[in-house]
Structure formats: structure tokens, C-alpha cells
């Protein structure tokens, strides 16, 4: 498993090679940059900042301090972050929860979403359910 992951000690960042796949839960202590088209069949837990690569798919749940979900990435379980969550164009997330702000770019689709701060929807975004007490801001593109 670790052969697909490189570690950069100075920035405490793990870099996961593009097109790799993981059949077991992944837990990394630090920041994580996930390459393009990576598949996680179970859960991904990160103590720092997560950048989930373009077109990557996570079957399980994702936890991170903050996260950037790149274009066309899919999270079939849930994603939970503490400080912020940003979804780039056409990302798909089943359940999203963040104690801080969530920014969602055009073409994204979300099953349910809950933000402790504000939920900012930009352009055309599909959201099935916004949890109570979530403050929503809608902006044109």
C-alpha cells in the first residue's frame, strides 16, 4: 500500500500517486494530496488538509481538518471536515458536514449538507437536503 504514497517531511504532506487504489481503510497523520483518478474502496482519514484529486472515487467516508474536493471527484459515503470544505466543479458527495464554511462550485451534486458556518452555492448546484441551521448563500457564476 505505501508504495503508492510518498511522504514530504518538511511540509508533513503525503502525496498519493495518480491511478492508485486502496482496498483497506487509509489513515494518514498530516496533509494529503491525492492524485488524479485514485480509488479508495473504504474510508480515508486525514489529520490535516486534504486535496482529493480530480476524478478520484471514495466508496467509504472521508474525514479531514479541511478539504478541497477536486473536479469530478466522488465521495459515495460522507465527508466531514473541521475548518472548511470546498467542492470544485462537478464533484459529487453523498453527505457533507463541516464545522466551518462550505463552498460549492457549479455542477456539483450533494445528497445532504450541513455547515457550522455558511454554505455557499455558486451557479447550478444540486442539493437534495440542507440540514437545519445551515446558513445558505447563493451566488451566480
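Every number here is computed from the coordinates shown, using simple stated rules; none is lab data. Computed from a predicted model, the values in this text were never measured in an experiment. Heads up, the Cβs are rebuilt from the backbone with ideal geometry, glycines too, and the neighbour counts pull from every protein chain shown.
Mind giving me the nanometre distance, one decimal, between the label points for residue 82 and residue 65, set 7 Å out from Cα along Cα→Cβ?
A separation of 0.7 nm, rounded to one decimal place.
Scaled to the compact-protein estimate 2.2 N^0.38 Å, what is the alpha-carbon radius of gyration of the range 2-139, rounded to two decimal places?
Here the answer is 0.98, to two decimals.
What is the list of residues in the range 63-77 whose amide nitrogen lies under 18 Å from a point 7 angstrom out from the Cα of residue 42, following Cα to Cβ?
From the range 63-77, the list is 63-64, 76-77.
If you average the sequence gap of Cα pairs under 8 Å that are 6 or more apart and divide by the length of the chain, what percent do you get for the contact order? Mind showing how you got there, number by number?
Values: 463 pairs, mean separation 17.1, N = 141.
Dividing the mean separation by the residue count of the chain yields 12 percent.
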